[in-house]
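Peer 1: I am attaching a structure below and will ask some questions about it afterwards.
The values are calculated or read from the model by the stated rules, or taken from the named source; none is laboratory data. This structure is a prediction, so every number in the text was calculated from the model and none was measured. Positions of Cβ are backbone-derived with ideal geometry, glycine not excepted, and every protein chain shown enters the neighbour counts. Areas reflect the complete protein model, heavy atoms only, side chains present, ligands, DNA and RNA absent. Shrake-Rupley method; radii C 1.70, N 1.55, O 1.52, S 1.80 Å.
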Amino acid sequence: MKNRFVVASLVALCAFPAASFARVWLGGDVGVTGGALAGTSPIGIYGGLSTRSFPVGLELGYQFLSANPAHLGMFTASALYRTSLPRVRGLHFLARLGLADIRGEQNPPNATFVRNSLRPIIGAGVSYRVMRRWDVRGEYDVIIDPRTLGGPAQNADELLVGMTYQFAAH
């Protein structure tokens, strides 16, 4: 059910760019993890919406983290701050603050090493315009204490690289 909700939300974001005040984007990323999520390999999709006059937008995403040792997935909802860096045309600074909902299937029972949890996520990164509507994006995110089973409390970090398509030129 949640997968359908995420897909429906991303489709709605894609349909909204007809409004001239909106900036809408959709993208995907891959990365590496450390800390509490070490050993997982995130592959994700995301979509967002903001107004042209305000630099903070809403971004929703889903990451498939790993099939081993358990099927782990993470839904994210974040406020994403984006501002241009004046010295390099097309370069933008990104800052993220939001929530990550980590879910694992227990197959076989008790195989998951991360409890199902809703945790804060913070991050920073850059994006660079490579073509009129395409950006390359690099980001470092930290998930605060995703509650591992049988281990010490520690944060999880992700280093992500991806491509973003901007539906409305800006």
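Peer 1: Any chance you could run the full-extension gain for residue 89 through residue 153? It's 0.36 nm times the residue separation minus the Cα-Cα distance, nm to one decimal. List each step's numbers first, then the result.
Peer 2: Numbers: separation 64, 0.36 × 64 = 23.04 nm, distance 4.15 nm.
My answer for the length gained is 18.9 nm.
Peer 1: What accessible area per residue, rounded to a whole number of Å², is obtained for the stretch 22-72 using a probe radius of 1.4 Å?
Peer 2: 40 Å²
Peer 1: Using protein chains only and a probe of 1.4 angstrom, how many square angstrom of residue 75 are accessible, to the nearest 10?
Peer 2: Residue 75 has an accessible surface of roughly 40 Å² with all protein chains in place.
Peer 1: In nanometres, what is the gap between the two model label sites at residue 30 and residue 71, each 7 Å from Cα along Cα-to-Cβ?
Peer 2: 2.2 nm
Peer 1: Run the 1.4 Å probe and let me know the accessible area of residue 52, rounded to the nearest 10 Å².
Peer 2: Rounded to the nearest 10, the figure is 110 Å².
Peer 1: Heavy atoms only, probe 1.4 angstrom, no DNA, RNA or ligands counted: give me 128, 165 ranked by accessible area, highest first.
Peer 2: Result, largest first: 128, 165.
Peer 1: Can you tell me how much longer the chain between residue 38 and residue 97 gets when fully stretched, taken as 0.36 nm per residue apart minus their C-alpha distance, in nm with one decimal?
Peer 2: Separation in residues times 0.36 nm, less the Cα-Cα distance, equals 19.1 nm.
Peer 1: Take the Cβ-Cβ distance between residue 136 and residue 58 as r, set R0 to 30 Å, and report the resulting FRET efficiency rounded to the nearest 0.05.
Peer 2: That pair, residue 136 with residue 58, gives E of 0.85.
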